[in-house]
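See structure below.
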Amino acid sequence: MEKLEMLYEGKAKKVYKTDADNQYIVEYKDDATAFNGLKKGTITDKGIMNNTISSKLFELLEQKGIRTHYIKKLSDREMLVKKVTIVPLEVLVRNYAAGSMTKRYGIPEGTKMDSTVLEFCYKNDELGDPFINEYYIKAMKLAEEADVKIIENMALKINEILIEFMKGINIDLVDFKLEFGRTSEGEIILADEISPDTCRLWDAATHEKLDKDRFRRDMGKVEEGYMEVVNRICG
Ligand code: TMP
Ligand code: ASP
């Protein structure tokens, strides 16, 4: 597998072409941003930790029948993935109130939801990824109605699988963000990453935060939080 030119650099990852058709290499960086890039920093070895965590979770989801872009982990920071066109939606799944939900609706952080909350944002950095609904998605031609249904069903199934898995390592899955892509054959599959950058993960007993909120809120012990997740997932 030969790594060719960089196609795209995002806030946390770089994507490279390869000599294989329909396969890209994703390289995970240590750069950390929050609040749509307003806050910038570095989390030492985050790229290595997030690649490890993401790889494990994609493997778990594949085992449980979820189609993902993951092919294999190539190195500390690199993952081989299927080439997809990203659907420009951020799909947020919430089991407990936290983050923007507490601010928008005045619900105290940590309140358990009676049922799962699914939320869409329009993936557009210039606009700050604004909240969007099915009507806008259809009217703006961001995705077909049938594809939105597929994405919703996949997100809810992924939530069930991840809740169960996290319970086994004493972590409450508070909320997370997913992105989906379309393959050249037109299939919708899970893409991007699943890591403490994109999930809120709390220790089930102490409610200690083991995710990017430690960075967002200057809580300290950021690397230690990520490492704790690596150790529990790999342990
Ligand atoms: P929020 O509370 O800020 O809306 O975030 C909900 C979850 O989604 C949280 O786990 C962080 C994740 N997320 C991202 O990964 N990227 C983003 O751009 C946003 C807004 C949230
Ligand atoms: N990932 C987004 C950013 O870089 C938002 C966040 O995670 O807080 O700003």
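The values are calculated or read from the model by the stated rules, or taken from the named source; none is laboratory data. Everything numeric in this text was worked out from a predicted model, so none of it was measured. Positions of Cβ are generated from backbone atoms using ideal geometry, with glycine treated the same way; all protein chains shown enter the neighbour counts.
General remarks:
- Within segment 80-127, restricting attention to residues that are free of Cβ contacts under 8 Å to residues at least 12 places away in the same chain and surrounded by 13 or more Cβ atoms within 10 Å (Cβ to Cβ), the residue that is nearest to Arg67 (Cα to Cα) is Ser100.
- Single residue of Thr116, Thr68, Thr111 found to be of a type in the set (Ser, Thr, Tyr) and under 19 Å from Arg182 (Cα atoms): Thr68
- Qualifying positions in segment 128-168 - surrounded by fewer than 16 Cβ atoms within 10 Å (Cβ to Cβ) and in a loop (DSSP other than H, G, I, E, B): Gly128, Pro130, Asn133, Met140, Lys141, Glu144
- If you go through segment 173-201 and keep only what is free of Cβ contacts under 8 Å to residues at least 40 places away in the same chain and within 16 Å of ligand 1 (Cβ to nearest atom), you end up with Thr198, Cys199, Leu201.
- Conditions (1) more than 16 Å from ligand 1 (Cβ to nearest atom); (2) at negative phi; (3) in contact (Cβ under 8 Å) with a residue 12 or more places away in the chain; (4) not basic (Lys, Arg): number failed by Asn170: (2)
- Leading residue by the ranking (surrounded by the most Cβ atoms within 10 Å (Cβ to Cβ)) among those in segment 1-12 that are in contact (Cβ under 8 Å) with a residue 12 or more places away in the chain and among the aliphatic types (A, V, I, L, M): Ala12
- Those residues of segment 167-220 which are closer than 23 Å to Glu27 by Cα and among the small types (Gly, Ala, Ser), in sequence order: Gly181, Ser184, Ala191, Ser195
- Within segment 47-64, being closer than 17 Å to Gly181 by Cα and without any contact (Cβ under 8 Å) to a residue 24 or more places away in the chain holds for one residue alone: Glu62.
- Listed here are the strands (runs of 3 or more DSSP E) enclosed by segment 173-219 that have at least 2 residues being buried (at least 20 other Cβ atoms within 10 Å of the Cβ) and at pLDDT 95 or above: 188-190, 199-203.
- A count restricted to segment 13-46 and to residues that are farther than 17 Å from His69 by Cα, within 16 Å of ligand 1 (Cβ to nearest atom) and crowded, with 16+ Cβ neighbours inside 10 Å stands at 7.
- Against the list (1) modelled with pLDDT under 95; (2) over 19 Å from Glu59 (Cα atoms), the condition Gly235 fails is (2).
- When segment 52-76 is filtered for residues that are closer than 22 Å to Asp213 by Cα, away from ligand 1 (no atom under 16 Å from the Cβ) and of a type outside the set (Val, Ile, Thr), the ones remaining, listed by number, are Ser55, Lys56.
- Within segment 128-151, being under 26 Å from Lys112 (Cβ atoms) and more than 16 Å from ligand 1 (Cβ to nearest atom) holds for one residue alone: Glu134.
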